[in-house]
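Structure first, then comments.
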Amino acid sequence: MILKEGEVVFEVPDKLTITKKDEVFYNPRMKTCRDLSIVIVQAFLNLYHKVDKCYICDALAGSGIRGLRYAKEIEFSGDLQVFLNDINPKAYEKIINNAKMNKIENIKVFNEDANTFLSKHFRFFNVIDLDPFGSPSPYIDQAIRALVTRNGLLCITATDTAALCGRAKKSCLRKYLAYPLFGRDCHEFALRVLVGYVMRMATKYEISLKPVFCHSTDHYVRVYLVTDRGAKRADKTFEMLGYVKDVNGIKIIKKFEEGYEKGFSGPLYIGNLYDKTLVDEALKIAEEKKLNERVLKILNAISEEAEINQVGCYDTHQLGKILKISVPPIKDIINKLKELGFKATVTHYNPKGIKTNATLKDVIDVMYSCKN
């Protein structure tokens, strides 16, 4: 069947089960993720990329829709080349045919194992996108090695949220060398576990990684990290890692150097997940492109989250249950916090969660005052 996504028309098999059994893998539910990828990569190039060539890699391309959209929709004044790879020979053929259908010529297509492909392109790519079926952990090491060491962008999707969100703890420990946190804001901690793992993997190459955009949407989490090089910068990675314990919504944080203690999750990233300037640039681009309401809603929410460096959030329904009170409308709580001079917003991943620089006592006081 013939479909259209963004500016690309493409062909996929008539029967789609969205499993590994498909002749060529394509997941229509990931359109929002791909829309966001276009504007984040475009914002990254506008802000970080100062050279006249850009090589983008889609290492697990499937139908090729993500890489083909990069090739056609990204605006770049220099030499933009997109390298698409998939181990499935039928996917390889489909990508070539889809490129011809759209008259896209600034691509190169490969039919190899992803790690083999990445290992052949040491320090070559400016942007690498990993969008696997399941966990990205088997590909992260080679992706780091294939990325330029300064101002490169690593984009990673993980769909194994049972592991990252804490429902499969042994799986998380095995894949990400960390204990997950299962709770009302587990989706944020899934992002923090993934970011922390990728950052640790980069340090052995004397590379530091900084998250600039992350989101947890639908059945997956997605992170974007920018590279910088040098042993001293890599050493500073560990200052941004730690362990977290949740006690009735209160986050107890231990630094990485203090070591693991039973009952804590981690190691995970405890800094700000966003580059506010990049988020706002991406939002501006999305508005100019007139992307759909859902994409704009996510970007608007994250734009406000980016101003607040809080680990986790306050879940108002959890607090209401503990306090044994009915919960006021979340908009009323947020407006009251702002009236008191605090920053506050609804989290993009939890419509009942508030991210704020107010203390838990301040939030509870406001919840009571909103009822009076």
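Here is the size of the range 245-327 from its Cα atoms: Rg then Dmax, 17.3, 49 Å. Ligands, DNA and RNA are left out, and with a 1.4 angstrom probe the accessible area of the chain is 44 Å² per residue. When only alpha carbons are used to place a centre, the range 142-196 and the range 93-126 end up 25 Å from one another.
Take each peptide in 186-197, 338-349, count the other Cβ atoms within 10 Å of every residue, and average; sorted highest first, the result is 186-197, 338-349.
For the range 222-279, just say rounded, prolate or oblate: build the C-alpha gyration tensor, square-root its eigenvalues into a ≥ b ≥ c, call rounded for a/c under 1.5, and beyond that prolate if a/b exceeds b/c, oblate if not. Oblate. Sparsely packed loop sites in the range 75-138 (the GluC sites (Glu not before Pro) outside DSSP H, G, I, E and B with at most 11 other Cβ atoms within 10 Å) comprise GLU75, GLU105. Taking trypsin sites (Lys or Arg not before Pro) across the range 34-71, the ones in a DSSP loop with at most 15 further Cβ atoms lying within 10 angstrom of their Cβ are LYS50.
For the chain, the longest principal axis of the C-alpha atoms and the axis of helix 89-101 are separated by about 80°.
Output the 0 to 90 degree angle, nearest 10, between the alpha-carbon long axis of helix 330-339 and the longest principal axis computed from the alpha carbons of the chain. Approximately 70 degrees, to the nearest 10. Cross-link pairs exceeding 21 Å in C-alpha to C-alpha distance, out of LYS31/LYS290; LYS53/LYS289; LYS297/LYS352; LYS251/LYS361; LYS289/LYS338; LYS31/LYS94, comprise LYS53/LYS289; LYS289/LYS338.
Taking the average, over residues, of other Cβ atoms within 10 Å as the packing measure, peptides 291-301, 175-185, 35-45 rank 35-45, 175-185, 291-301 from highest down.
Per residue, the chain reaches -12000 deg cm²/dmol at 222 nm when only DSSP H runs of four or more residues are counted, each adding -39500 (n - 2.57). Does the chain come out rounded, prolate or oblate by the C-alpha gyration tensor, with a ≥ b ≥ c the root eigenvalues, rounded set by a/c under 1.5 and, if not, prolate when a/b is larger than b/c and oblate if not? Verdict is prolate for the chain. Computed log10 I(q)/I(0) for the range 284-354 at 0.28 Å⁻¹: -1.27, from the Debye equation with unit scatterers placed on every C-alpha and solvent omitted. Which of rounded, prolate or oblate describes the range 320-372 when judged by the alpha-carbon gyration tensor and an a/c cut-off of 1.5? Since a/c reaches 1.5 but b/c is at least a/b, the shape of the range 320-372 is classed as oblate. Counting 0.36 nm for each residue step from LEU47 to SER171 and taking away their Cα separation leaves a gain of 40.9 nm.
Remark: the MET1-ASP113 segment gains 37.6 nm on full extension, using 0.36 nm per residue and subtracting the alpha carbon distance. Helix 360-371 versus the longest principal axis of the chain: what angle, 0 to 90°, nearest 10, using Cα atoms? That works out to roughly 70 degrees.
Spatially, the range 201-245 and the range 290-355 are offset by 25 Å when compared through their Cα centroids. Packing around the peptides 115-122, 156-163, taken as the average count of other Cβ atoms within 10 Å per residue, puts them in this order, highest first: 156-163, 115-122.
The values are calculated or read from the model by the stated rules, or taken from the named source; none is laboratory data. What you see is a predicted model; the values in this text were computed from it and never measured. When we count neighbours, we look across all protein chains shown, and the Cβ atoms used for this are built from the backbone with ideal geometry, even at glycine. Note: areas computed on protein heavy atoms with side chains; ligands, DNA, RNA excluded. Shrake-Rupley method; radii C 1.70, N 1.55, O 1.52, S 1.80 Å.
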